[in-house]
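The values are calculated or read from the model by the stated rules, or taken from the named source; none is laboratory data. Predicted model only: the values in this text are computed from it and were never measured. Here the Cβ positions follow ideal geometry from the backbone for every residue, glycine too, while neighbour counts run over all protein chains shown.
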Amino acid sequence: MLEAIRRAISFLRHRQILHRLGVAVSITVIGIACYVLYHMLRGIDVEEVVEAIKQTEPRQIALAALFVAAGYFTLTFYDLFAVRAIGRVDIPYRINAFAAFTSYSIGHNVGASVFTGGAVRYRIYSAWGLNAIDVAKICFLAGLTFWLGNAAVLGLGIAYHPEAAAAIDQLPPWLNRLAAFAVILGLLAYVVWVSIQARSVGRGPWTVGLPGGSLTLLQIAIGIVDLGFCALAMYVLMPKYLPMPDEPYVGFVVVAVIFVSATLLGFASHSPGGLGVFDAAMLYGILHFDRQMDREDLLAGMLLFRVLYYIAPFVISVILLTFREVIVGARSKRLRQATPGLDAEPNREAAYVRKRGDTGA
């Protein structure tokens, strides 16, 4: 069965069917998002949105910023876990944290995060002797942690509150709950599968060993905590009132399910920062779940979230990477001046940096 799947994937890659399918999916998702945004933003009063932003309590913004920071802190364990999984225990946590923060924040904003984030990671980890294959393995394992966390949050969230997913996919709640249980069972089956014996994917030097059962559970936990903090940041910026005092507030589980769904749609579109796609899915999901919520207030909270989660980390990452390049460049120049013939040894900079015990970050 597995061999048949491998052959089918190989055939699809050879014919470039997967690539064309991916492009078609991206264009379709972006097109639908533009259509939804156009209809949902018609009649929006920009002045009311600006006023809603101004009236947002500083305490809400500070709390959301704290949750965003906690989410990015959790992201650093993606790289720490992945680097340890490929056997490089000599690379300190601060380097893992720097690589994770900059690669994710830049990848999220530029788009095509597999390539942009991978390029940032390679620039940082190559100074520690890691080659392109090693970095590819790190990206794969970090991505695996992310997807396992997404599957767990969606599975558990939809199983508990299937109506939240119905606001996005418009499917009956019972069908959403059935799908959620299928996802949960799939996760459990995967944990059992990697627990029975050592598993790996890929061929030759590209072979990656999959973490065992206990480590996979750790991966899932890291992903859940990361997404939980991000959803909390979005939740605290949501309008906290309804016109009808006897109506319940939009609960955290609802926001979390819609948030994760919107995030995945944003990744599927490959648009920078999920721009347009994430926003359309959030607006559509929340407003369909609670039609009485004020659109201007909701849009104000989403704009604040985008500033805190996307724009601010991106600016910080660019500044940090710029400083790193300046410092590493200056050290390399001093070393070339002190050691004639260094240009003939392209790997000397990496050895020098490792000897110093940092990457200039």
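Summary table below
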quantity	calculated
Qualifying residue in the range 153-168 (condition: surrounded by fewer than 16 Cβ atoms within 10 Å (Cβ to Cβ) and under 30 Å from Gly107 (Cβ atoms))	no
Within the range 269-292, tally of residues that are at pLDDT 70 or above and more than 12 Å from Ala167 (Cβ to Cβ)	5
Complete set of residues in the range 104-116 that are over 17 Å from Ile311 (Cβ atoms) and assigned to a helix (DSSP H, G or I)	Val114, Phe115
Filter result for Ile138 (of a type outside the set (D, E, K, R), farther than 16 Å from Ala82 by Cβ and either part of a helix (DSSP H, G or I) or in contact (Cβ under 8 Å) with a residue 24 or more places away in the chain (or both))	no
Pick from the range 51-88, criterion among the acidic types (Asp, Glu) and part of a helix (DSSP H, G or I), ranking: farthest from the chain's Cα centre (by Cα)	Glu51
Breaking point among (1) over 15 Å from Leu75 (Cβ atoms); (2) modelled with pLDDT of 90 or more; (3) assigned to a helix (DSSP H, G or I), for Ile91	(3)
Complete set of residues in the range 191-212 that are surrounded by 11 or more Cβ atoms within 10 Å (Cβ to Cβ), farther than 14 Å from Ala85 by Cβ and either out of contact with any helix residue (DSSP H, G or I) (no Cβ under 8 Å at 6 or more places or on another chain) or modelled with pLDDT of 85 or more (or both)	Val191, Val192, Trp193, Ser195
